[in-house]
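The values are calculated or read from the model by the stated rules, or taken from the named source; none is laboratory data. Here the structure is a predicted model, which means the values were calculated and not measured. In this analysis, Cβ positions are derived from the backbone assuming ideal geometry, glycine residues included, and neighbour counts consider all displayed protein chains.
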């Protein structure tokens, strides 16, 4: 899937791992091998493994750029080679943890899948936030890693592991839906867990009813109803139209001033957007005349 010259796998990575071993490795990796963003995810899997009623998923989607982002600023933040090696270590250990976690339910008839996707985001300039140092740094790693990421399928123990590249035709979450539909025509009836720090990816919720986001740095599990306050910091429903209006802290800029944002929030409460379909919300937004009538037609989310 990914390789780096001179990289050495963590000890015991190729051997089956039991959960009593994982607890010890979390402590060891905390100091030498796992980024601060990825470690809480591993701890969550370990803590859930001890529960009788624990969250379970059939498909795990992991944004490779998010793993890279977790590693930027970790220890030698200016040593790009070490950041790249750290990202590879995070990916491989995360694979091992998910494999061990899914093996708990060995009688489950659904074959679990772990899908690492390497995304490209092609958006019209009008929707993009201004360049920043952090975005430029992530862009560098994007260019470097893209040379080494190839589409692959393999097994780690009983876990099917797939790497795919998405976003060249449509936005990554739309490409992922098309990819998964071809891979498993029943996938929309399955339970999906997403690990990504890119809010655009969260719109994958539209394709599956059982969908959760597993956050880096906290290991917290979130459902769609929590996305708006996390991404926008305002209480409005999370959908394509509100996303383009309120923006996010990663990629999408907001065309609204804080005053206009508050006007939208007041309207959302008055019109009870929480219970309204998206086309009604769009009509209400258009009636406010806050943006040009064609603003929502320039991109498909």
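Pairs linking a residue in the stretch 58-75 that is within 19 Å of residue 205 (Cα to Cα) to a residue that is modelled with pLDDT under 90, with Cβ atoms under 6 Å and 6 or more positions apart or on different chains, are 58/110.
Spot the failing condition for residue 233; the list is (1) modelled with pLDDT of 95 or more; (2) assigned to a loop (DSSP other than H, G, I, E, B); (3) closer than 24 Å to residue 69 by Cβ, and only one is missed. Only one criterion is unmet by residue 233, namely (1).
So, residue 175, is that one within 18 Å of residue 301 (Cα to Cα) and outside any strand (DSSP E or B) or not?
Values: within 18 Å of residue 301 (Cα to Cα): yes; outside any strand (DSSP E or B): yes.
Taking the combined requirement at face value, the residue satisfies it.
Considering only the stretch 174-181, I want to know if a residue exists there that is at pLDDT 95 or above, more than 13 Å from the chain's Cα centre (by Cα) and loosely packed, with under 15 Cβ neighbours inside 10 Å. Within the stretch 174-181, one or more residues are at pLDDT 95 or above, more than 13 Å from the chain's Cα centre (by Cα) and loosely packed, with under 15 Cβ neighbours inside 10 Å.
State all residues of the stretch 287-301 that are in a helix (DSSP H, G or I), closer than 30 Å to residue 176 by Cα and in contact with a helix residue (DSSP H, G or I) (Cβ under 9 Å, 6 or more places away or on another chain); if no residue qualifies, say none. So that I can check it myself, show each step before the final result.
In the first step, residues of the stretch 287-301 are kept if they are in a helix (DSSP H, G or I); the result is 287-288, 295-297.
Within this subset, residues satisfying the condition of being closer than 30 Å to residue 176 by Cα are 295-297.
Correct list: 295, 296.
For residue 298, work out the one condition from (1) surrounded by fewer than 15 Cβ atoms within 10 Å (Cβ to Cβ); (2) modelled with pLDDT of 95 or more; (3) not assigned by TED's automatic domain parsing to the domain that holds residue 127 it doesn't fulfil. So the condition that residue 298 fails would be (2). In the stretch 144-172, which residue that is at pLDDT below 95 and part of a helix (DSSP H, G or I) is farthest from the chain's Cα centre (by Cα)? Among them, the one singled out is 144. Taken over the stretch 181-203, the criterion of being under 15 Å from residue 57 (Cα atoms) and either in contact with a helix residue (DSSP H, G or I) (Cβ under 7 Å, 6 or more places away or on another chain) or assigned to a helix (DSSP H, G or I) (or both) is satisfied by 187, 188, 189, 194, 195.
Restricting to the stretch 92-143, give me the number of residues that are farther than 22 Å from residue 184 by Cβ and surrounded by 20 or more Cβ atoms within 10 Å (Cβ to Cβ). Adding up the residues that qualify gives 4. Among the conditions (1) over 14 Å from the mean Cα position of the chain (by Cα); (2) more than 27 Å from residue 72 (Cα to Cα), residue 243 misses just one, which is (2).
Of the helices (runs of 4 or more DSSP H) lying entirely inside the stretch 37-103, those containing at least 2 residues that are over 17 Å from the mean Cα position of the chain (by Cα) are 39-49, 80-102. Residue-level analysis places residue 248 among those that are in a loop (DSSP other than H, G, I, E, B), in contact with a helix residue (DSSP H, G or I) (Cβ under 6 Å, 6 or more places away or on another chain) and either surrounded by fewer than 12 Cβ atoms within 10 Å (Cβ to Cβ) or outside the structural domain of residue 192 (by TED's automatic domain parsing) (or both).
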